[in-house]
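A short write-up of the structure that comes next.
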Amino acid sequence: GNSDTTSSSSSGNGLEKTTLKVGTIPVPDSAPLQVAIERGFFKAEGLEVQPEVVAGGAVATQKLLGGSLDISLGAYVGTFLAQDKGAGKFKYVADSYGAAPGAFVIMVKKDSPIKTVADLKGKTIAVNVLKSVSQLTAEVQMKVAGVTATQDQFVEKAFPDMPAALENGQVDAIAGVEPFITVISKAGGRIIVDEMTGPTENLPIAGWFTTDATASKYPKAIAAFQRALGKAQELVAKDRKIVEETLPKYTKIDAATAAVISLGSYPTSLSESRLQRVADLMKEYGYIKNDLDVKSMILPPPAN
Amino acid sequence: MKHARVLRGVAGVAGFLAAAEVVGATGLIDDRFLPRMSAILRGAAELLVDQEFLVDARASLAAWGLGLLLTVAVAVPAGLALGALPPVERAVRPLIEFLRPIPSVAIIPLAILIFADNLHLRVAVVVYAASWPIVINTIYALQDVDPLAKETLRSFGFGPVSVLLRVALPSAAPFIATGIRVAAGTAVILVVSAELLAGGSEGIGIYITEAASGNRMDLMLGAALWAGLFGVLSNTALVAVERRLFRWHDVRTGAAR
Amino acid sequence: MLEITDLVHSYGSHRVLDGVSIRAAEGELVCVVGPSGCGKSTLLRSVAGLIRPTGGRVLIGGKPVDRIPDNLAVVFQDYSRSLYPWMTAANNVALPLRRRGLDRQRRREAAMAALDQVGLADAAEKYPWEMSGGMQQRVSIARALAYRPSLLLMDEPFGSVDAQTREDLEDLVLRVCAHHGMTTLLITHDIDESVYVGDRVVVLTRSPARVAADLPVGLGESRDQIATRQLDAFVRLRAEVGRLVRGGSSTSNVLEKH
Amino acid sequence: MLEITDLVHSYGSHRVLDGVSIRAAEGELVCVVGPSGCGKSTLLRSVAGLIRPTGGRVLIGGKPVDRIPDNLAVVFQDYSRSLYPWMTAANNVALPLRRRGLDRQRRREAAMAALDQVGLADAAEKYPWEMSGGMQQRVSIARALAYRPSLLLMDEPFGSVDAQTREDLEDLVLRVCAHHGMTTLLITHDIDESVYVGDRVVVLTRSPARVAADLPVGLGESRDQIATRQLDAFVRLRAEVGRLVRGGSSTSNVLEKH
Amino acid sequence: MNVIRAVGRVWLIPVTLVIWEIATRAAEQPFFPPPSATLARMGEMWLSGPATHLLLTDQALDDFGPSLARLFAGWALAAVIGVAAGIAIGCSPRLAGYLDPLIHLGRAVPPPLLVPFFLALLKLSTPAQLTTIVFGIIWPILLNTIDGTRTVDRQHLETARIFGFTTTERLTRVIIPAAMPKIFAGLRLALSLALILLIIAEILAGSGGLGYRLLTAQRTYLYTDMWGCLVVLGLLGYLLNSAFLLMERRVLAWHRNARQTT
Ligand SMILES: Nc1ncnc2c1ncn2[C@@H]1O[C@H](COP(=O)(O)OP(=O)(O)OP(=O)(O)O)[C@@H](O)[C@H]1O
Ligand SMILES: Nc1ncnc2c1ncn2[C@@H]1O[C@H](COP(=O)(O)OP(=O)(O)OP(=O)(O)O)[C@@H](O)[C@H]1O
Ligand SMILES: [Mg+2]
Ligand SMILES: [Mg+2]
């Protein structure tokens, strides 16, 4: 498109760094990045974004600290945890993904005696990463149902292993996302509860973050990144179709699946108050000990 | 003779694949959760024409090759030094035995902090974990060198280093080579594991991560199959080299390769 | 040149050498005979500095042997284990010549010459495992001779070759040692050989080994396989050594336990 | 009992045996002599079924050798590699006796007796690497004799022992073979020995080996180390074999290339 | 004399510790806590229990007990299978022909990717964990055993054939003793690998044990805890290895003596 023509004009606008290594996870959360790359939004800012797959938020924080990434997608829960434990100082530069109905659910297998959330008491629940947003919201839902979750009832399982683990009885329930929800449903699995209801409705899930050091070293480059991504985020937020088209390009979710799966939301602003909800829940459920000053972890996009 | 071997190998693999398929077909494994062997094979075949996978495979191969070369370059001299100098070996042993059981899941996060470059990271992880079989085999092989062979050269006035390089090393070489073959397999695993755990821009492990996100088990396991095949090929190549280099060893022993 | 004084060696509590004294002048060829298992190889290994004897002293050129002496070559009893299976005969012979500072070409020439001398010119490119026992033994003799050591130790070097080859090799060793003034200690089981080859014959007793007799041969400089063996002195000495090995005591009493 | 007919063997393109025919009757002791590297060990390995000869036939008791024959014992030239280093001398000797269906106690007794016969009663509990070359060789002789095979193959079995022991062992082998009616093929380099021990002496030519002569010894049944060796017939035969080994042609012409 | 020997053996440990302590204090990297902090935390986690339990805390018993049992079971199983299969393959070129490609295929597939297979096939998690361990550590045992079996001195084998040894005798009296040093090299490699695979298996199974503890420590950014786990692993590795060498010294006494020089 017309991105090529604009790129040359804006490349000279004094970016400290024109190449950014950005960690992504091949999940719907990072669709806006893909869109921004494809549509040349970064190029227009004079930025070259090199996406790199990371296995999860924990690796992303390591890679940011080690300097092999400049910016990465990261779930808020994980990053807040890292910040609280003193693993490093991080700054979110853009929101990416938020909860929406049907995108995060707890499932059991067809003939499971578990009917309600309360039945999960003492049962093993698989989450993709321990102490992640999945686990946190599961704990919240259980508390809402009047039972207390214990640490050792959660086990870590990669999403692709969940269907078999559930079927084999290794775990009693799983906290899943798409496209695995669809897979399990097809095998007769039942959804017990949507994790993102009640206290967790619309909970922010993941955003783009960097370290304090990088943020203060390359303010202009980060700002450029924020602008470009912001444009993509707006597009995606408005039109689910774009996500559906983009997903097959950077994940192995095919178009047919992409068309039917439940997606989260793509928030267009980095809202301190929304993120504070995450931090508060974490404090309430003992994930972090101290009050987290979310404000200090946000680098709002330039008013543009 | 050679043909018979190849045929047997093919028969063995075919037999295994067929058995795996039967296990899937009889429902011993639920094929809703684990694709059948035929599906995996189809996935593996699909990968062959998948440009993205080919790029990934080439990247993993490069990391593997570089890693293994470096491993050999580091581990063989280290093994020789430790095997030839028992006091040093005794002093270093606690450290080595302390380090050996540290798993890659713990090493990789460390390596991420130290190596910013993905290639360096994978190579470093390979060198760390694949060195042990070579080091240990070298130490044991050196213990097995005929003392008379060493004494012969010593009696001609050769120094310890000469004896080590001219007698001990050649005598030990066949068993060191076996260590290298073990290491080659380990290195494949480590490259892929490092990619799975640490991520990156290209590599078989990256491809698997992507396939996992779409629940494409067939592609995941197809990629894993290619990694395995890669092990077979590297082993075949190494054996061919061994057969040329160590003919003297084979004829002295009952070795029938 | 070589002075072995009161050499004692025990493996654990098992005493093998019990005060053995042998002297060899520069260029002298001393044969050592003695019953199987009496300690001859042990003696040789002590002289070569390969084992540290429990007691006694070995001097070479006046200096005590505390490590492997310079300018030494050894033909081991177990010759097959002392050849390197990954090298051809020629390379096995040429290898030690690196110590002589020869370049590749010269090493090769020297090795070929030595192999020719032991009748293996054709087998230069063979690997040890492609050679018969006797051929392997000859390669290790060639290796030692090509090295031109000032002290040559040989442990039953002709045990695996036929009578004709053996005689040829005996003459070869005599010639080479004389020509280069090598001091030689040769262990053998063949009594005729010890008398034919040696300037002196040292007879060891049954284990623990002591020197039963140290007999000068005195058959003059030149030897001939047929003529020398028919000399009266040869026949007498041979009988004497034979009797000593069989455990009798010396009649000549010369030089015994000096 | 043993019929070797026109045996041919080549290693690659290198012909080693070139039509060797040897016959041994039941209980006969045939000595094979020949130049180093001519193919004696190759011949023995063919008879033992360890290599498949390129051509010709080996029959044992009328049956062709296509695998290792039953009731066979071999003393290898490279004795040190044929003893198991993880076993004591006694266990090395006793191990094959399991074939004979003896219980542990009896095996042990037989092994001790055999070791005693070769003069190693004291060394029964030693490991091979604690023994001298000659002792190891005697252990492998003891192992073969204790086994009481119907066919005994020995490749220079007395090469590493002293003259006295050698004579004792020669007499021992003669005694045991005669007593148990073992058919024996004995390779040796010692011409005296071949005549003293053998019922027949087969002389092989230089490589590629052919039978140069097949001489009946005919010195009668009983042998004595001193008396026999002084017999005229012995001295004559010895000279004849010596000449043949050195490459001359047979004067007696008897039985040559039958 | 003995003191000097002992010092010679262990001097490197305090030296390394001191250097590490200085380096980590200087770096102030939260990921690299100083060893003193790690040790203190380890004491808290595992060694502050009642004296009746040798000071071990409940957590220590929880963490180590089942882990060690799995470790030994896995290692022993791998040893038996690896040595048996290695000898069979080493002895039979025909069998080797059939199995070789499969073996090399199998050993180059990352164990974590095979876990779904094991889980699907074995359902229960303990056998699946054991299978994971065995599958991960068997290769050095197998390859070294094959090598050892194939390279028995030819004359040893010929002697066995001449005297008509039965297959069992050939195996137990000739091949196994001759291959033993190489098998031991494989077993020693596998022992440390077993610890690694134990951790992986525990992580994958998500149940208790040291691996699970390591994982939770990583997930919650408790780096001191994580390092504590690593130190325990290293110590375990060292102890197991020392015990192994003790055993090896007994079993291979003949070998050491036969191979001694001077
Ligand atoms: N490494 C060892 N450990 C224990 N004892 C040994 C060792 N080497 C040799 N012996 C013993 O020392 C004695 C002498 O051995 P040595 O090899 O010196 O004899 P030898 O005179 O060379 O005999 P031969 O003529 O048979 O070669 C023998 O009784 C042997 O058992
Ligand atoms: N494995 C082999 N490969 C190639 N050539 C061989 C092999 N073994 C033996 N030869 C050759 O065959 C010939 C005969 O060897 P063999 O061992 O039979 O001789 P031999 O008569 O026993 O000699 P010796 O008396 O020296 O032991 C030799 O020239 C040798 O080089
Ligand atoms: Mg000796
Ligand atoms: Mg021979």
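Hey, how much of the P(r) for chain B falls beyond 32 Å, as a percent of Cα pairs?
Result for the distance tail: 36 percent.
Compute a Gaussian network model of chain B, connecting alpha carbons closer than 10 Å, and tell me which residue from B:ALA78, B:ALA19, B:ALA59 fluctuates the most.
Maximum among the listed residues: B:ALA19.
At most 14 other Cβ atoms within 10 Å plus a DSSP loop assignment makes a site exposed; report the longest stretch of chain D without any exposed trypsin sites (Lys or Arg not before Pro).
D:68-245
So for the pair A:SER185, E:ARG250, with labels modelled 7 Å out along Cα→Cβ, what separation do we get in nm?
Label-label distance for A:SER185 and E:ARG250, simple model: 6.3 nm.
Could you compute the longest span of chain C free of GluC sites (Glu not before Pro) located in DSSP loops and having at most 12 other Cβ atoms within 10 Å, not counting the site residues?
By the stated rule (loop sites, at most 12 other Cβ atoms within 10 Å), C:27-124.
If I fit a long axis through the Cα atoms of helix A:133-144 and take the longest principal axis of the Cα atoms of chain A, what angle between them do I get, 0 to 90°, rounded to 10?
40
So how tilted is helix C:163-180 from the main axis of chain C? Cα-based, degrees 0 to 90, rounded to 10.
90
Taking H as built 1.01 Å from N, whose amide H comes closer than 5 Å to the amide H of D:ARG23, not counting residues under 5 places away?
Answer set, sorted by chain and number: D:ILE4.
Given the convex hull over the Cα atoms of region C:114-169, what projected area results after averaging over all orientations, in nm²?
Averaged projected hull area, Cα only: 3.8 nm².
Two decimals, Cα atoms only, Kirkwood Rh: what is Rg/Rh over region E:64-255?
Here Rg/Rh amounts to 1.05.
Quick check: the distance between the Cα centres of region B:5-49 and region E:88-103, to the nearest angstrom?
Using only Cα atoms, the two centres lie 20 Å from each other.
Taking the Cα-to-Cβ direction at E:ALA6 and at B:VAL49 and moving 7 Å from each Cα, how far apart do the two end points lie in nm?
Between E:ALA6 and B:VAL49, the simple spin-label model gives 7.1 nm.
Is any residue of region B:19-42 close enough, with backbone N under 18 Å, to a label point placed 7 angstrom from the Cα of A:ASP254 along the Cα-Cβ axis, and if so, which?
In region B:19-42, the label zone of A:ASP254 (backbone N under 18 Å from the point 7 Å along Cα→Cβ) covers B:31-42.
Per-residue HN-Hα couplings for region E:146-153, Karplus 6.51 cos²θ - 1.76 cosθ + 1.60 at θ = phi - 60°, whole Hz, x for Gly and Pro?
Result, rounded to whole Hz: 4, 4, x, 5, 6, 10, 5, 3.
Mind pulling the angle between the C-alpha long axis of helix B:104-114 and the longest principal axis of chain B? Nearest 10 degrees, somewhere in 0 to 90.
Value to nearest ten degrees: 80.
Would you pull out the residues with amide H under 5 Å of C:ASP162's amide H, same chain only if 5 or more places away, H placed 1.01 Å from N?
Result for C:ASP162 returns D:SER36.
Once you keep just the Cα pairs under 8 angstrom separated by 6 or more residues, what percentage relative contact order results for chain B?
Relative contact order comes out at 26 percent.
Quick one: what are the phi-derived ³J(HN,Hα) couplings along region E:71-76, Karplus 6.51/-1.76/1.60 with θ = phi - 60°, whole Hz, x for glycine and proline?
Each residue of region E:71-76 in turn: 4, 5, 4, x, 5, 4 Hz.
Pop the C-beta distance of B:LEU69 and B:ALA116 into the FRET formula with R0 = 22 Å and round what comes out to the nearest 0.05.
Rounded to the nearest 0.05, the efficiency is 0.55.
Considering the dipole of chain D built from charges on the beta carbon (Lys and Arg +1, Asp and Glu -1) around the Cα centre, which of D:SER160, D:ALA144, D:PRO64 is farthest to its positive end?
D:PRO64
Nearest 100 Å² is fine: what is the total accessible surface buried where chains B and A meet, probe 1.4 Å?
The summed interface area works out to 2200 Å².
What FRET efficiency comes out for the pair B:ASP30/A:LYS241, r = Cβ-Cβ distance, R0 = 45 Å, nearest 0.05?
Working from the Cβ atoms, E equals 0.85.
Relative to the other copies, what are the label-point distances for C:GLU125, with labels 7 Å from Cα along the C-beta vector, expressed in nm at one decimal and sorted shortest first?
Values, ascending and in nm: 5.5.
Ignoring ligands, DNA and RNA, what percent of the accessible area of region A:29-80 is carbon or sulfur (1.4 Å)?
48
If each of E:ALA73 and D:ARG67 carries a label point 7 Å out from its Cα toward its Cβ, how far apart are those two points in nm?
Result for the modelled spin labels: 4.2 nm.
On average, how much accessible surface per residue is there in the protein assembly as shown, in Å², for a 1.4 Å probe, leaving out ligands, DNA and RNA?
38
FRET efficiency for A:SER296 and A:LYS220, Cβ-Cβ distance as r, R0 = 35 Å, nearest 0.05?
The calculated FRET efficiency here is 0.95.
Calculate one ³J(HN,Hα) per residue across region A:180-191 by plugging θ = phi - 60° into the Karplus curve 6.51 cos²θ - 1.76 cosθ + 1.60, and present them in order as whole Hz with x for glycine and proline.
For region A:180-191, the Karplus-derived couplings read 6, 4, 4, 4, 5, 4, 4, 7, x, x, 10, 8 Hz, x marking Gly and Pro.
For the protein assembly as shown, give me the percentage of DSSP beta bridges that are antiparallel, rounded to the nearest 5 percent.
If I count the DSSP bridges inside the protein assembly as shown, around 55 percent turn out antiparallel.
Just B:ILE29, B:ILE189, B:ILE204 to compare: in a GNM of chain B, with alpha carbon springs under 10 Å, which one fluctuates most?
B:ILE29
How large is log10 I(q)/I(0) at q = 0.10, 0.13, 0.14, 0.19 Å⁻¹ when the Debye formula is applied to the Cα atoms of region D:39-183, each weighted equally and without solvent?
Each listed q maps to, in turn, -0.34, -0.57, -0.66, -1.17.
For chain A, go through all pairs of different Cα atoms, get the mean of 1/r, take its inverse, and jot down that Kirkwood value in Å.
Computed over Cα pairs of chain A, the Kirkwood hydrodynamic radius comes out at 19.8 Å.
List the distances, in nm to one decimal, from the label point of D:ASP232 to the label points of the same position in every other copy, shortest first, placing each label point 7 Å from Cα along the Cα-to-Cβ direction.
Ordered by increasing distance: 2.6 nm.
Let me check I have the definition right: for region A:58-201, take the eigenvalues of the Cα gyration tensor, multiply each by 5, take square roots. What are those semi-axes in whole Å, largest first?
Sorted largest first and rounded, they come to 29, 16, 14 Å.
Closest to the C-onto-D rotation axis, which residue of chain C has its Cβ, and how many Å off the axis is it?
Closest Cβ to the C-to-D rotation axis, residue and whole-Å distance: C:GLY159, 2.
In whole percent, and with a 1.4 Å probe on the protein chains, what portion of the accessible area of region E:64-255 is carbon and sulfur?
Percent of accessible area from carbon and sulfur atoms in region E:64-255: 72.
Using a 1.4 Å probe and counting only protein heavy atoms, how much accessible surface gets buried when D and E come together, both sides summed, in Å² to the nearest 100?
Looking at D and E, the buried total is near 2300 Å².
When the gyration tensor of the protein assembly as shown is built from Cα positions, what are the square roots of 5 times its three eigenvalues, in whole Å, from largest to smallest?
77, 32, 28
Using only atoms on other chains, find how many Cβ atoms lie within 10 Å of each Cβ of peptide D:190-196 and report the average.
Taking all residues of D:190-196 together, the mean is 1.
How big is the dipole moment of region E:64-255 about its Cα centre under a simple scheme where the beta carbon of each Lys and Arg is +1, that of each Asp and Glu is -1, and everything else is neutral? Debye, nearest 20, please.
180
Averaged across the residues of B:231-240, what count of C-beta atoms belonging to other chains lies within 10 Å of each residue's C-beta?
Average neighbour count from other chains, rounded to a whole number: 4.
At C:GLY101, with labels set 7 Å past Cα in the Cβ direction, how many nm apart are the copies from this one, shortest first?
Spacings between copies for this position, smallest first, are 7.3 nm.
May I ask you to give the percent of accessible area on chain D that is carbon plus sulfur, with a probe radius of 1.4 Å?
Ligands and nucleic acids excluded, carbon and sulfur give 47 percent.
Mark the label point 7 Å from the Cα of C:TYR11 along Cα→Cβ and return the residues of region D:71-95 whose backbone N is within less than 20 Å of it.
D:78-94
Using amide H atoms built in the peptide plane, which far-off residues or other-chain residues are under 5 Å from C:HIS189 H to H?
Those qualifying (amide H under 5 Å, at least 5 residues apart or on another chain) number zero.
Return the subset of A:LYS249/A:LYS289; A:LYS123/A:LYS249; A:LYS21/A:LYS295; A:LYS121/A:LYS295; C:LYS63/E:LYS182; A:LYS157/A:LYS186 for which the Cα-Cα distance in this structure is over 31 Å, preserving the input order.
In this structure, A:LYS249/A:LYS289; A:LYS123/A:LYS249; A:LYS121/A:LYS295; C:LYS63/E:LYS182 exceed 31 Å between Cα atoms.
Quote the total accessible area buried by chains E and B together, excluding ligands, DNA and RNA, probe 1.4 Å, nearest 100 Å².
Interface between E and B: roughly 6400 Å².
The values are calculated or read from the model by the stated rules, or taken from the named source; none is laboratory data. Everything numeric here is computed off the predicted structure, so don't read it as measured data. FYI the Cβ positions are ideal-geometry reconstructions off the backbone, even for glycines, and counts take in every protein chain you see. Just so you know, the surface numbers come from the protein's heavy atoms only, side chains and all, with ligands and any DNA or RNA stripped out. Shrake-Rupley method; radii C 1.70, N 1.55, O 1.52, S 1.80 Å.
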